[in-house]
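Here you go, one structure.
All of the numbers you see were taken from the coordinates with simple rules; none came from a lab. The structure displayed is predicted, hence computed values, not measured ones. Cβ atoms come from the backbone with ideal geometry, glycine included; neighbour counts cover every protein chain shown.
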Amino acid sequence: MAVKRTGQMSFIEAFLGNKAVGSSGILDRIESLVKWYRFEKLLGGLNHGGPGHPGWPALVLFKALLLQSLYGLSDRELEEALADRLSFRRFVGLALDETVPDHTVLNRFRNLLIEKGLLDRLVGELDRLLEKAGVMLKRGAMLDATLIEA
């Protein structure tokens, strides 16, 4: 099976720069600190051939699962957030005009990582790299923080 190509900027993204694709301080910081080629090596064996549509790059799916963990999202909420949030698209490497992986793809990928014993290795490597840079990630939630007078 072929692998989808992702991350190529569209004309509008190139023209408008970061304003077009969203900006998130913590996601930008993680992106700059992490050496993603190490994760591509660990995930390399997961891009295998087979019939059907091209598969998603494993690094794109892993980054999506990282967002899911950081923001406390379900698989369906993650799919919606990837479609809606420009900073999420940018972090995982999806251009504005690309489709996003659906919740079943994300669920199967997570199960595959667990089955292969890779999830703990990947998260451990991420923690090690960020700790070395003096950063600690904490899980959060995306909420509407509206103040209501009581």
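Please sort 105-113, 122-130, 30-38, 84-92 by packing, taking for each peptide the average over its residues of neighbouring beta carbons within 10 angstrom, highest first.
Values: 105-113: 17.3, 122-130: 15.0, 30-38: 13.4, 84-92: 20.0.
The peptides rank, most packed first, as 84-92, 105-113, 122-130, 30-38.
Kindly state, to the nearest 0.05, the FRET efficiency for GLU131 paired with GLU77, given R0 = 25 Å and r defined as their beta-carbon distance.
Computed FRET efficiency for GLU131 and GLU77: 0.35.
A further question on this structure: Please list 3J(HN,Hα) in residue order for the range 76-87, calculated via the Karplus relation 6.51 cos²θ - 1.76 cosθ + 1.60 where θ = phi - 60°; whole Hz, with x for glycine and proline.
5, 5, 5, 4, 5, 5, 5, 6, 9, 8, 5, 5
Moving on to the next point. Rounded to a whole number of µm²/s, how large is the Stokes-Einstein D of the range 58-132 at 4 °C and 1.567 mPa s, given Rh as the Kirkwood radius over C-alpha pairs? If you can, show how the numbers build up before the last one.
Details: Rh = 12.7 Å.
Rounded, D is 102 µm²/s.
What residues have an amide H closer than 5 Å to that of GLY55, excluding those fewer than 5 places away on the same chain, when H is modeled at 1.01 Å from N in the peptide plane?
Distant-sequence amide H within range of GLY55: ALA2, VAL3, LYS4.
For ASP102, list long-range residues whose amide hydrogen, built 1.01 Å from N in the peptide plane, is under 5 Å from its own amide hydrogen.
It is none; the list stays empty.
Apply the Karplus curve 6.51 cos²θ - 1.76 cosθ + 1.60, θ = phi - 60°, to the phi angles in the range 113-118 and return the couplings in whole Hz, x for Gly and Pro.
Result, ordered by residue: 4, 5, 4, 7, x, 8 Hz.
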